[in-house]
Amino acid sequence: MGIFDGQVVVVTGAARGLGRDYAKYFAADGAHVVLADLKEPTSAAADAAKAGPRCLAAQADVTDRDSVAALMRRCRDEFGRLDVLINNAGMWRGLAEAGLLGIDDELWDAAWRLNVTGSLRCFQEAVPLMAEREYGRIVNVSSIASRQGNNAYGLTKNAVEQMTRGMAIEAGEHGITVNCLAPGIAAFEAAQSQLPNADAMVAGNVVKRVGASRELYEGLRYLCAAESSWITGQTLRVDGGASAR
Ligand SMILES: NC(=O)c1ccc[n+]([C@@H]2O[C@H](COP(=O)([O-])OP(=O)(O)OC[C@H]3O[C@@H](n4cnc5c(N)ncnc54)[C@H](O)[C@@H]3O)[C@@H](O)[C@H]2O)c1
């Protein structure tokens, strides 16, 4: 018996990377998983379906209100409920390097639109569906970089952590908790042995290695458990101790 038996979980950004692994782990824990991504998530959904019950591929753009509304309608039509939303879709490549003086408008806007507005849109459309059953677990994904003020990645992820607190306050009356997971440098299963500069990246960690998607999932599993009903508005840092310094 899995801890998410019969529950419906939406993971955004699930076509590849960490989101793809989260979907698989939720399925193995008994959930029906809706894998949402801008890119076609069919192969990721087939992979997740091997681990557990029914998994659906849903092409969706989290930055687009109509697309997110259609995603939530699909959850209602297929399953009649939504229990868990993982706002994992996000961008990081090239953002830290661009800094502040050099970043162009397009990249700056794209970072805010996906990392912040994308999570807001999904929250706005998910809460009414969760509220129908007076139950929900929402986790936004931040990063160890949220403490950096010198680049768009850190700034958007800092905004995600602050926004989590506001979301928790507004959604709480409906039995919905909203928390945030802040991962350190972590690799998804397919890339575990391929990180080129892992040594340099983990220099600031207390636990001197790259994290695994499974270790991040343990944080999600905890925050999304029915028993975690009195934890809301919090950020859980799963980062090999990097933020302890
Ligand atoms: N990988 C890490 O070490 C690490 C560390 C800290 C935080 N994070 C965070 O974890 C999350 C996942 O990271 P990752 O490394 O797996 O990223 P990734 O780039 O490998 O995957 C992101 C996924 O999001 C999808 N996506 C992009 N725009 C979208 C949109 N508009 N609508 C729907 N889906 C969209 C992409 O198609 C892709 O499948 C991100 O929020 C990232 O900031 C990652």
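Derivation of every value follows stated rules applied to the coordinates shown; laboratory data play no part. As the structure is a prediction and not an experimental result, all values here were calculated from the model. Don't worry about glycine lacking a Cβ; one is built from the backbone with ideal geometry, like all the others, and counts go over all protein chains shown.
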Check your understanding: How large is ³J(HN,Hα), in whole Hz, for each residue of the range 214-227 in order, when computed from phi with the Karplus curve 6.51 cos²θ - 1.76 cosθ + 1.60 and θ = phi - 60°, using x for Gly and Pro?
Key -> 4, 5, 5, 4, 4, x, 4, 4, 5, 5, 9, 5, 4, 5
Study note, to complete from the structure: 1/(1 + (r/R0)^6) with r = Cβ-Cβ of A70 and A131, R0 = 25 Å, i.e. FRET efficiency to nearest 0.05, evaluates to 0.85
Practice item. Treat the count of other C-beta atoms within 10 Å as a stand-in for reagent exposure and order T42, T232, T12 from fewest to most. Key: T42, T232, T12
Exercise for review: As a check on your grasp of the helix formula, calculate [θ] at 222 nm for the chain: sum -39500 (n - 2.57) over DSSP H runs of n ≥ 4, divide by the residue count, round to the nearest 500.
Suggested key: -12000 deg cm²/dmol
Exercise for review: May I ask you to derive the relative contact order of the chain, considering only C-alpha pairs under 8 Å and at least 6 residues apart, and to give it as an integer percent?
Suggested key: 17
Check your understanding: On average, how much area does the Cα convex hull of the range 4-124 cover when viewed from any direction, in nm²?
Key -> 7.2
Revision key, fill the gap. Loop-resident trypsin sites (Lys or Arg not before Pro) in the range 76-131 with no more than 14 other Cβ atoms inside 10 Å, DSSP not H/G/I/E/B, are R93
**Study point:** Point-to-point label distance, L107-D5, nm (Cα→Cβ direction, 7 Å offset)
**Key:** 5.0
Practice item. Determine the distance separating the Cα centre of the range 208-239 from the Cα centre of the range 104-149; give it in Å without decimals. Key: 17
Revision key, fill the gap. Expressed in angstrom and ordered largest first, the alpha-carbon extents of the chain along the principal axes are 46, 36, 35
Point to revise | Simple spin-label estimate for T42 and R93 in nanometres, 7 Å along Cα-Cβ | key: 2.2
Point to revise | Net length gained if the chain between A200 and R54 were fully extended (0.36 nm per residue, minus Cα distance) | key: 48.5 nm
Practice item. Within 10 Å of each residue's Cβ, count the other Cβ atoms and sort E173, E40 from fewest upward. Key: E173, E40
Revision key, fill the gap. Square roots of five times the C-alpha gyration tensor eigenvalues of the range 1-58, ordered largest first and given in whole Å, equal 17, 9, 9
**Study point:** Paired Rg and Dmax values of the range 113-213, which use every Cα atom, in angstrom
**Key:** 16.2, 48
